[in-house]
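Note sheet for the following structure.
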């Protein structure tokens, strides 16, 4: 007899733009309650895995630890996820989705249009939970060894590029693919350095480096002209 509490299978990796894979209720006007419970349990496990990534990184995400954090039986993790790899991939996708949303909100309002002001806006995304950032970048590096994570890593890079393009364009700077990769690549390197080294003056150093890069792009055009 089929188990009606089990959700429909989902891919281990996210779609190309970094949206975390989620179980979807069957198309009907009145979804069955067991299916709703399955979705809630699955999401609780993913939330727990994301929290553990922030607490202790890649090694902290075990079936036992995830179940304990979610307040669910140990068997729940293997019931909803076929392997630890699938659980990690979907947790990585969810973490990317949340971080990109946080970054978009952080750069929603420009501090100004000078290189230093725009650099302040771009480096303002560093103001986040350091341990969670360590977990994200650790999984990003792990994607170099695990092809199943590469699509999610690319979604992270593409999402960051889109955010940088929006900031540059909003401030009147050139925002073609070359300019965006120049600035976004610099930001990524500085971000990893900041997260790993945690220098007291790291934010200032990053802001000044990005300001110099923006100055090299030339003065901003008048927006709307």
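The values are calculated or read from the model by the stated rules, or taken from the named source; none is laboratory data. All figures in this text were calculated on a predicted structure; none of them were measured in a lab. Ideal geometry is used to build each Cβ from the backbone, glycine not excepted, and the neighbour counts take in all protein chains shown.
From the list 116, 136, the lone residue that is touching a residue at least 40 places away in the same chain (Cβ under 8 Å), out of contact with any strand residue (DSSP E or B) (no Cβ under 9 Å at 6 or more places or on another chain), surrounded by 18 or more Cβ atoms within 10 Å (Cβ to Cβ) and part of a helix (DSSP H, G or I) is 136. In the stretch 50-70, is there at least one residue being free of Cβ contacts under 8 Å to residues at least 24 places away in the same chain, closer than 30 Å to residue 199 by Cα and outside any helix (DSSP H, G or I)? No, the stretch 50-70 has no match at all.
Of all residues in the stretch 145-161, how many are outside any helix (DSSP H, G or I) and touching a helix residue (DSSP H, G or I) at 6+ places or on another chain (Cβ under 8 Å)? Total meeting the criteria: 1. Quick check on residue 108: is it part of a helix (DSSP H, G or I) and surrounded by fewer than 15 Cβ atoms within 10 Å (Cβ to Cβ)? Judged against the criteria, residue 108 is not a match. Check the stretch 164-172 and report whether any residue there is farther than 14 Å from residue 121 by Cβ, more than 16 Å from the chain's Cα centre (by Cα) and at pLDDT 90 or above. No, that holds for no residue.
Of the set (1) surrounded by fewer than 18 Cβ atoms within 10 Å (Cβ to Cβ); (2) at pLDDT 90 or above; (3) farther than 30 Å from residue 213 by Cβ, all apply to residue 101 but (3).
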